[in-house]
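Only one structure is covered here, and it is reproduced in the block below.
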């Protein structure tokens, strides 16, 4: 199943058992946004993040129509970090309500533990930043990303 395929009422019911960060903004329509992110640690246990216009995020991003979670994660890491990855395990799902210049969103964030394999290929879309665990918990823009580090 693809995260995007979840009907809104299912996502609402899931919020009872799935960690939820933030709250819907009153009077605003929140568009569902399915996304997948990677928790990647280096040999020193630092966490990979990318510097975006929103701030620091775990590498990953939104699903495109027809993509599976794994296909999306591999594509996003190629684009954002110019690196291939190996996916070790699924960490979990969290919901996060947030707003950008594009509007208000109900983020359906799926997290995987992964690792870089091989050398960078091409030009990365974003700067790769390595953070220790405390820095990552403080600096990651989405609170759901900090939650994923602990699971």
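Could you check, for segment 90-100, whether at least one of its residues is within 15 Å of the chain's Cα centre (by Cα), free of Cβ contacts under 8 Å to residues at least 40 places away in the same chain and farther than 23 Å from residue 23 by Cα?
yes
Touching a strand residue (DSSP E or B) at 6+ places or on another chain (Cβ under 8 Å), surrounded by 15 or more Cβ atoms within 10 Å (Cβ to Cβ), on the phi < 0 side of the Ramachandran plot and without any contact (Cβ under 8 Å) to a residue 40 or more places away in the chain: is that true of residue 72 in this structure? Step through it out loud before you land on a result.
Working: touching a strand residue (DSSP E or B) at 6+ places or on another chain (Cβ under 8 Å): yes; surrounded by 15 or more Cβ atoms within 10 Å (Cβ to Cβ): yes; on the phi < 0 side of the Ramachandran plot: yes; without any contact (Cβ under 8 Å) to a residue 40 or more places away in the chain: yes.
Here the answer is yes, as residue 72 does meet what is asked.
Taking the stated definitions as given, is residue 149 touching a strand residue (DSSP E or B) at 6+ places or on another chain (Cβ under 9 Å), within 21 Å of residue 23 (Cβ to Cβ), surrounded by 15 or more Cβ atoms within 10 Å (Cβ to Cβ) and in contact (Cβ under 8 Å) with a residue 60 or more places away in the chain?
no
Taking residue 104 as meeting all but one of (1) over 16 Å from the mean Cα position of the chain (by Cα); (2) under 29 Å from residue 23 (Cα atoms); (3) surrounded by fewer than 12 Cβ atoms within 10 Å (Cβ to Cβ), write down the number of the exception.
Result: residue 104 passes all but (3).
Quick note: the coordinates plus some simple rules give every number you see, no bench work behind them. Keep in mind the model is a prediction, meaning the values are calculated, not measured. In this analysis, Cβ positions are derived from the backbone assuming ideal geometry, glycine residues included, and neighbour counts consider all displayed protein chains.
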